[in-house]
Amino acid sequence: MIEIELEKTYLIKKLPVDLENFPHKEIADMYIPAQSAHPALRLRKKGDKFEMTKKQPIGDDFSEQEEHTIKLNKEEFDSLMQVTGKKVRKIRYDYVYEGNRAEVDIFKDDLEGLALVDFEFTDVKKKNAFKMPDFCLVDVTQDTIFAGGMLCGKKYSDIEAKLRELKYVKIMYN
């Protein structure tokens, strides 16, 4: 399946008060190739669903990306996971804010303390008119350090200087 993804990404200042009331799943991603500084190919396990996705920006605007997704069965996924890649794990909440679909990601393991939210849009006009919610700290959509392919395989300490520069405070959440 090929689609155009329209989204904005924000660092979270404080978790939304009612976050625990929204559905969530653990996500395990592996980005390949491992030697790439910013791999675009991702293998994902989300609950009991498996897929392979390639995302690439359309032009210079990282809020608009072409996304190719292939659904996989467990056997295909397990086989592909044998290659060497960079991994990241997070808990994703499917959140709704003022009618907008959002994905709140609470990172685990080496990125524990990092929390991001992606707001998804159905058209460019809605994306461009969107105002940052008060629970967000800063728009990092265009800052590639926060792209999934750049975060994979990193530790919190690897991005800590950038987070300090943005006045981000670690968020710890079960």
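Lys108: modelled with pLDDT of 95 or more, in contact with a helix residue (DSSP H, G or I) (Cβ under 6 Å, 6 or more places away or on another chain) and within 19 Å of Leu11 (Cβ to Cβ), yes or no?
Here the answer is no, as Lys108 does not meet what is asked.
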**Complete:** For region 134-162, the count of residues that are assigned to a helix (DSSP H, G or I) and on the phi > 0 side of the Ramachandran plot equals 0
**Criterion (assigned to a loop (DSSP other than H, G, I, E, B) and either without any contact (Cβ under 8 Å) to a residue 24 or more places away in the chain or among the acidic types (Asp, Glu) (or both)) met by exactly one of Lys170, Lys131** = Lys131
**Item:** Pair list, Cβ < 7 Å and 6+ apart or interchain, from region 45-66 residues that are farther than 20 Å from Thr122 by Cβ to residues that are exposed (fewer than 15 other Cβ atoms within 10 Å of the Cβ) and among the polar types (S, T, N, Q)
**Value:** Phe50/Asn73
**Request:** Could you grab the pairs with beta carbons closer than 6 Å, sequence gap of 6+ or different chains, first residue in region 150-166 and among the small types (Gly, Ala, Ser), second one surrounded by 14 or more Cβ atoms within 10 Å (Cβ to Cβ)?
**Result:** Gly153/Lys86
**Message:** So, Ile145, is that one surrounded by 15 or more Cβ atoms within 10 Å (Cβ to Cβ) and not polar (S, T, N, Q) or not?
**Reply:** no
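Considering only region 109-128, state which residues are assigned to a helix (DSSP H, G or I) and at negative phi.
Step one: of region 109-128, the residues assigned to a helix (DSSP H, G or I) are 109-111, 124-128.
Asp110, Leu111, Val124, Lys125, Lys126, Lys127, Asn128, listed by residue number.
Does Ile27 qualify as being within 25 Å of Met172 (Cα to Cα), out of contact with any Ser or Thr (no Cβ under 8 Å at 6 or more places or on another chain) and either among the aliphatic types (A, V, I, L, M) or not in a strand (DSSP E or B) (or both)? So that I can check it myself, show each step before the final result.
Working: within 25 Å of Met172 (Cα to Cα): yes; out of contact with any Ser or Thr (no Cβ under 8 Å at 6 or more places or on another chain): yes; either among the aliphatic types (A, V, I, L, M) or not in a strand (DSSP E or B) (or both): yes.
It is true that Ile27 is within 25 Å of Met172 (Cα to Cα), out of contact with any Ser or Thr (no Cβ under 8 Å at 6 or more places or on another chain) and either among the aliphatic types (A, V, I, L, M) or not in a strand (DSSP E or B) (or both).
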**Request:** Can you confirm whether region 80-98 contains a residue that is surrounded by 15 or more Cβ atoms within 10 Å (Cβ to Cβ), outside any strand (DSSP E or B) and of a type outside the set (A, V, I, L, M, F, W, C)?
**Result:** yes
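Yes or no, residue by residue, for (1) among the basic types (Lys, Arg); (2) touching a Gly at 6+ places or on another chain (Cβ under 8 Å); (3) under 17 Å from Thr9 (Cα atoms); (4) modelled with pLDDT of 95 or more:
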site	(1), (2), (3), (4)
Glu51	no, no, no, yes
Phe77	no, no, no, yes
Val83	no, no, no, no
Val96	no, no, yes, no
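Results for (1) surrounded by fewer than 17 Cβ atoms within 10 Å (Cβ to Cβ); (2) over 26 Å from Glu20 (Cα atoms), shown as yes or no for each residue.
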residue: Ile106; (1), (2): no, no
residue: Ala115; (1), (2): no, no
residue: Val124; (1), (2): yes, yes
residue: Lys131; (1), (2): yes, no
residue: Val140; (1), (2): no, no
residue: Leu151; (1), (2): no, no
residue: Ile159; (1), (2): no, yes
residue: Lys167; (1), (2): yes, no
residue: Tyr173; (1), (2): yes, no
**Asked** How many residues does region 7-24 hold that are surrounded by 13 or more Cβ atoms within 10 Å (Cβ to Cβ), more than 13 Å from the chain's Cα centre (by Cα) and farther than 17 Å from Ile171 by Cβ?
**Response** 0
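The values are calculated or read from the model by the stated rules, or taken from the named source; none is laboratory data. The shown structure was predicted, so the numbers you read here are calculated from the model rather than taken from an experiment. With ideal geometry, Cβ positions are generated from the backbone for all residues, glycine too; neighbour counts draw on all protein chains shown.
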